[in-house]
Amino acid sequence: MRLRRQHERIIFRAISANVAISRTQLAELTGLSGQSVGRVARTLLGSGLVEETEIARSKGPGASPIGLRVRPAGAFSLGFGLERDYLSGVALDLGGNIRWQMSRHLAEGETAENTLRLLEQDIRSLLRAPEWSARRDRLCGVGVAAPGPLDVTTRTIVGPPNFPSWEHVDVAKELGRAFDLPVLIDNAATAAAIGIAWRLPHGHRPYLYCYWGIGIGGGLVIGDDVYRGTTGNAIEIGHIVVNPGGRLCECGNVGCLETEASVRALLRDAAPYGRFRTLTEMMTAARTTPEVAALVTSAAEKMAAALVSVLNVVDVDEVVLGGEHLDEVEEVFVPIIRDHIEHRAFRRRIAPTTVSVSDIGEIANAMGAAAMVFHTLLPDGLPVRDRPEAPFG
Ligand SMILES: [Zn+2]
């Protein structure tokens, strides 16, 4: 039974990683026998997670072979991104299409209790809508992306820096109880890194994702997997020391990138030059105040230095930058980061490294949280489809 489940998982992953793939190709790719592939394909077709499709023939006559692909309406998941200043949510179908999305601003210092209550309300009102109540049995779970550190084994947030009142909050237990659905929790930047992978073409290259905002984080994506580390707190780019002897960081270390070059750090350092409540106000001042402009350049240089260091450790061809505030500093940050990577990365004479900016913005974390649900829970855990669903909308 266990082996069969394992085969189902391998085949389902292989189908998900391709636009469409034939049973013969699946057998070649996975090393499983044609008989095993056939049996698993029947199970997956029965569960409604995959469907048959014609594969376009590149040349030659004859009928197109029949392939398998994921069935977008075969499963849905909800994902939420919990940030210090906003909450975002999406419902994804298995084809990676966004079927619903929301975003709400959170007041500075909003309590964990209130935020969870808002989140619960959002899920409840979504599930009450007719198109969702009809699909309740295809909804495989809820994912929540939260700032680290978090304990993935106990599924709790462990009091992240700049995130008061979230000390040891068991989000999964609270939400799981309310909705009788599996609830998964992951590091925000890790989830966002997965979310970006869902928008890239199948078979994309490994990449390093870096989130820039009130906090700074990262994720390393290889194939369709993200590297989590032993405790789920890997690639914490924000806590790389860029200024030994710098300010004390809330993580307990000194001179971390997050405490030297984040939105929060910029606003704090710019305070002597004016009263800036938001990054937008500060960036407007940077156009006319050289001291403020210099702070932005310095933050970009620290980001670049940290990214070169991480790149020297992980050695990938692509760095993807993201975060809902990034577009405000992109013009300054991106050229400096590109320049540093081009001239200082250890691998530069062997292979170039592409630096790109993600276009998903503030829903990246939520998308990643939803994708993580599919990634973790499928293909198990969904009942056999007994009737076709009504079309969406
Ligand atoms: Zn730190």
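All of the numbers you see were taken from the coordinates with simple rules; none came from a lab. As the structure is a computational prediction, the values presented were derived from the model and not from experiment. Here Cβ is always computed from backbone atoms with ideal geometry, including for glycine, and neighbour counts include all displayed protein chains.
Couplings 3J(HN,Hα) for the stretch 168-180, derived from phi with the Karplus relation 6.51 cos²θ - 1.76 cosθ + 1.60 (θ = phi - 60°), are 6, 8, 8, 4, 4, 5, 4, 6, x, 5, 5, 10, 6 Hz, where x marks Gly and Pro. For the stretch 204-358, rounded, prolate or oblate, judged on the Cα gyration tensor with a ≥ b ≥ c (square roots of eigenvalues), a/c < 1.5 rounded, else prolate if a/b > b/c? Here the stretch 204-358 falls in the prolate category. Relative to the longest principal axis of the Cα atoms of the chain, the long axis of helix 326-344 lies at roughly 90 degrees.
Between the stretch 31-56 and the stretch 322-370, the C-alpha centres lie 38 angstrom from each other. May I ask for the longest run of the chain untouched by trypsin sites (Lys or Arg not before Pro) that are loop-located per DSSP and have at most 12 neighbouring C-beta atoms (other than their own) within 10 Å? The reported range is 60-274. With both residues required to sit in the chain, DSSP beta bridges show an antiparallel share near 65%. Comparing 21, 64, 53 along the charge dipole axis of the stretch 2-70, the residue lying farthest to the positive side is 21, per the Cβ-charge model. FRET efficiency for the residue 342 to residue 225 pair, using the beta carbon distance and R₀ = 35 Å, is estimated at 0.80.
The label point for residue 117 and the one for residue 349, both projected 7 Å from the Cα toward the Cβ, are 6.3 nm apart. Taking Lys and Arg as +1 and Asp and Glu as -1, the other residues whose beta-carbon sits under 14 Å from that of residue 238 total -1.
Neighbour counts of C-beta atoms inside 10 Å place 8, 260, 51 in the sequence 51, 8, 260, starting with the fewest.
Put in line by how crowded their Cβ is, counting other Cβ atoms within 10 Å and starting with the fewest, 324, 342, 174, 258 read 342, 174, 324, 258. Label-to-label distance for residue 277 and residue 250 is 2.1 nm, based on points extended 7 Å past Cα in the beta-carbon direction.
In percent, what relative contact order does the chain have, based on Cα pairs under 8 Å that are 6 or more apart in sequence? Dividing the mean separation by the residue count of the chain yields 18 percent. In a simple Cβ point-charge model (Lys, Arg +1; Asp, Glu -1; nothing else charged), the chain has a dipole of about 1420 debye relative to its Cα centre. Using just its DSSP H runs of length 4 or more, each adding -39500 (n - 2.57), the chain gives a mean residue ellipticity at 222 nm of -12500 deg cm²/dmol after division by all residues.
Using the Cβ-Cβ distance between residue 30 and residue 85 with R0 set to 51 Å, the FRET efficiency works out to roughly 0.70.
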